[in-house]
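Structure, as structure tokens:
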Amino acid sequence: MEITSLLVGLLVGAIGVYFYLNTKLQALKTDKIHLEVSLDKEIETHKREVDLINIAREQMSKDFKAVASDILAKDRNDLSIKNSELLTPLQSQLKEFRDKIEVITNEQIKERATLAAQIENLKKTSIEAQETTQNLTNALTYDNKQQGDWGEMILSSILSSSGLREGHEFDTQKQLKNESGEAFKPDVVLHLPEEKDIIIDSKVSLKAYKDYIANQSDTAMLKSHVASVEAHINGISIKEYENLEGVLTLDFIFVFIPIESALLVALDQKPDLFTTALKKNIVLVSPSTLMMSLKTVHHIWQTERQNLNSEEIARQAGAMYDKLFGFVKSMDDIEKHLDKAQKSYKEARSKLSDGKGNLIGRAEKLKTLGVQSKKELK
């Protein structure tokens, strides 16, 4: 009886344990199902995240490449434009610079050649002028107007032979006025650089000289010739050509005596005649000395033009250097922009794949949790 009761008790206890364990098992199965569903959802979520990361990575890579390509293309385009803007004028200036140097060099070669020929012809011209004036003297009458016209003709011939140009380096019969409004017409106004002028007068009377030539033994006629020259000097001095409006004369006037011997005999008779004239700011010149003076003026003008060309070359060289400096500076700026773009790209790339917590590293960890992906991040 006791055994039976014991067996019944064990059976009842076993049934109770069974139901308890079965209940726990069902609960565990239910929990397992919930966990599996939750894990599947989590895995699916992580998978979607990985796919999104892959898509984002690909898009970011494309964007970075596009940005870098755009930056490089823009910089190359800017560089090409800057090169074109800077180099084209620079090449033009260099060509102009070379052309100017070539022109100046050719001019100097020609000028040296012509100068030698002109100096050689100077003696010939002087001799011819003396012969011409002497022959014409014999044909002169005592009319002062004819003598003045003849003197102007000789002066014009010498000016033409000097290489100077009328309307440029000299003017003839230019009407001028003094401070009182009185009109004057100097025979020639010779222009110098820096707006300076020399007035040339050729109206000296040669009547007394012709009388002396006709009778050279008459010293009174020689003295009369000297007195005529002195009177002309005084007359020119009184006119005060240096005060005429429209000219900036130097401190002296040229008085041209068209016959070489007429000046020589006057100076021989009165040696201080030249000094006397000079004290009145007058320089006595003959055909030969005037030609030498005009050649000097011609050379001064040539030198002035060369100096102006040299100044222009120096100015353009300075401008070319400034352009070159600007070009180098622009190249430096472009290099800085390229370095900055490269640095930005590296920083973005580092955030994607390098360092703690980078996106690619986090995505790779998801694969260890079972996330499936057909692509592999590199």
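Does at least one position in segment 230-252 carry a residue that is free of Cβ contacts under 8 Å to residues at least 40 places away in the same chain, in the same structural domain as GLY151 (by TED's automatic domain parsing) and outside any helix (DSSP H, G or I)? Checked against the condition, which is being free of Cβ contacts under 8 Å to residues at least 40 places away in the same chain, in the same structural domain as GLY151 (by TED's automatic domain parsing) and outside any helix (DSSP H, G or I), segment 230-252 yields at least one hit.
Each row is one residue, and each column tells you yes or no for (1) at negative phi; (2) not in a strand (DSSP E or B).
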{"position": "SER180", "(1), (2)": "yes, yes"}
{"position": "VAL189", "(1), (2)": "yes, no"}
{"position": "GLU194", "(1), (2)": "no, yes"}
{"position": "LYS203", "(1), (2)": "yes, yes"}
{"position": "TYR209", "(1), (2)": "yes, yes"}
{"position": "TYR212", "(1), (2)": "yes, yes"}
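Close contacts from segment 164-175, counting a first residue that is free of Cβ contacts under 8 Å to residues at least 12 places away in the same chain and a second that is surrounded by 12 or more Cβ atoms within 10 Å (Cβ to Cβ), with Cβ to Cβ under 7 Å and a gap of 6+ residues or different chains, come to GLU166/THR172. Please go through segment 189-229 and give me each residue that is within 39 Å of the chain's Cα centre (by Cα) and touching a residue at least 24 places away in the same chain (Cβ under 8 Å), ordered by number. Listed by number, the residues that qualify are VAL189, LEU190, LEU192, PRO193, GLU195, LYS196, ASP197, ILE198, ILE199.
The values are calculated or read from the model by the stated rules, or taken from the named source; none is laboratory data. Only a predicted model underlies this, so the values are computations on that prediction, with no experimental measurement involved. Glycine also receives a Cβ, built like all others from the backbone with ideal geometry; neighbour counts cover every protein chain displayed.
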